[in-house]
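Worksheet: one structure, shown below.
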Amino acid sequence: MNTSEIALVHDQYVMPTYAPELALVRGKGSWVWDADGKKYLDFLSGISVLNLGHCHPRVVKAIRRQAGQLMHASNLYYNELQPKLARAIAEKAGNGKVFFCNSGAEANEGLIKLARKWGAEQGRHEIITFHNSFHGRTLATLTATGQEKVQKGFEPLPEGFRYARYNELESVKELITDHTAAVLVECIQGEGGVVPADPEFLTDLQELCRSSGILLLVDEVQAGMGRTGEWFAFQSYGLEPDAFALAKGLGNGYPIGAFCAATQVMDVLQPGSHGSTFGGTPLACAAGLAVMETIEKENLLEHVQQISEYFRERIEKQLSRFSLVKNVRGQGLMLGLVCNGPASDLQKELQAQGLLVIATAGNIIRMLPPLTITKREVRKAVQILKKSLDALEERSGIEPDEQEKGNGSE
Ligand SMILES: *Cc1c(COP(=O)(O)O)cnc(C)c1O
């Protein structure tokens, strides 16, 4: 099937919650091919899912092997891989216990339940989150998400969520009461436009949570798993959250989510209090283990830090002359090209020229390349960016004239 054939069936039978344009059929490393045979450099990675690139041989091998041995066991039984992956995550975090689920929303939903259960005895149930955050699409997580457009039409929303302003400690302080159980925060807001937290804000926030006797919860769904050059983004801020959520990059394309809770809260959820049929299957955990082993074996955390610097330098050197380009922000390989105006035209042009990225929060080009990206691929991406910006400038310079001449002729 070519793209238009796929689109035809899709539009007839799939709910229109997304508006796709490309049909992707094959991927290898940092590259993907569409149904019409066109090749793209993938600087989106399925929104920070394919952190090792498409079809990484280690992950493919682990999934193939486990698929032929035991795919699903039910959480009524032990399986060998779940504790191994839990140990790997807890060790990287320093300590804790892990619950496995299947998505980012479900992982954050778990954090919310954990905080409520923990606070129940003290009459604490409220959770403070932030404006422009993103935590998922279930009823509780869309309520935690501080964006009206995500919530509109789904009222009544669950009670017990309050919204503070990101990077403003005072606005958190104002919301803390005897009923507050936790603060849930992203170290870098992804959907919100690649907005990094100020280091001081997060350290002060942790201090505030400790002194107020409430939990600090971190959403690492997008920024975790090596994306920022650390296993978890909170580590680059020197934080020790009470619990954090993972998903996206954990399975490199195999759906898996998790939340990890530190010593003081890790035994809050007892048998019968939480569950998930598909959580932590041997197959999902085999993928997760392969991902963690690969990040270690290929020294990817260090690589991310180095290549990030290289990428940013290239952008600053080669793109700052364009009037549309304001600056670049973010951390590791979670980068936002801040534009002086809407980013959607640039995203479309980049796609036409063979580079996949995502326009976010109006004026941001969000770039989330695989952590395995090479210098050569970075140069290629910057070259496409340059070419696309040139094309846009040229068009915006010529268009008014052309439009006048061309009026009515087509
Ligand atoms: C993507 C994302 C989620 C939701 O994950 P799903 O797997 O789509 O449910 C939650 N939090 C953050 C920060 C995300 O980027």
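The values are calculated or read from the model by the stated rules, or taken from the named source; none is laboratory data. Keep in mind the model is a prediction, meaning the values are calculated, not measured. Cβ: placed from backbone, ideal geometry, glycine included. Neighbour counts: every protein chain shown. Keep in mind that these areas ignore ligands, DNA and RNA; they rest on the heavy atoms of the full protein, side chains included. Shrake-Rupley method; radii C 1.70, N 1.55, O 1.52, S 1.80 Å.
Residues in the range 92-111 that are in contact with a helix residue (DSSP H, G or I) (Cβ under 8 Å, 6 or more places away or on another chain), hydrophobic (A, V, I, L, M, F, W, C) and either away from the ligand (no atom under 12 Å from the Cβ) or open to solvent by less than 10 Å² (accessible area, probe 1.4 Å) (or both): Val98, Phe99, Phe100, Cys101.
As a summary of the residue check, Lys248 satisfies the conditions (1) away from the ligand (no atom under 16 Å from the Cβ); (2) among the basic types (Lys, Arg); (3) within 20 Å of His54 (Cα to Cα) except for the one numbered (1).
Name the single residue, out of those in the range 359-397 being within 22 Å of Arg227 (Cβ to Cβ) and basic (Lys, Arg), that is surrounded by the most Cβ atoms within 10 Å (Cβ to Cβ). Going through the qualifying residues, I end up with Arg366.
For the range 232-263, the set of residues classified as outside any loop (DSSP other than H, G, I, E, B) and without any contact (Cβ under 8 Å) to a residue 40 or more places away in the chain consists of Gln235 only.
Selection over the range 215-238 of residues that are more than 12 Å from the ligand (Cβ to nearest atom), open to solvent by less than 10 Å² (accessible area, probe 1.4 Å) and more than 13 Å from the chain's Cα centre (by Cα) gives a count of 4. Of the strands (runs of 3 or more DSSP E) lying entirely inside the range 119-190, those containing at least 2 residues that are without any contact (Cβ under 8 Å) to a residue 60 or more places away in the chain and in contact with a Leu (Cβ under 6 Å, 6 or more places away or on another chain) are 126-130, 161-164. With respect to the numbered conditions (1) open to solvent by less than 10 Å² (accessible area, probe 1.4 Å); (2) touching a Phe, Trp or Tyr at 6+ places or on another chain (Cβ under 8 Å), which one is the sole condition not fulfilled by Gly146? So the condition that Gly146 fails would be (1).
Exactly one residue among Ser344, Ser323 is more than 22 Å from the chain's Cα centre (by Cα) and of a type in the set (Ser, Thr, Tyr), and that residue is Ser323.
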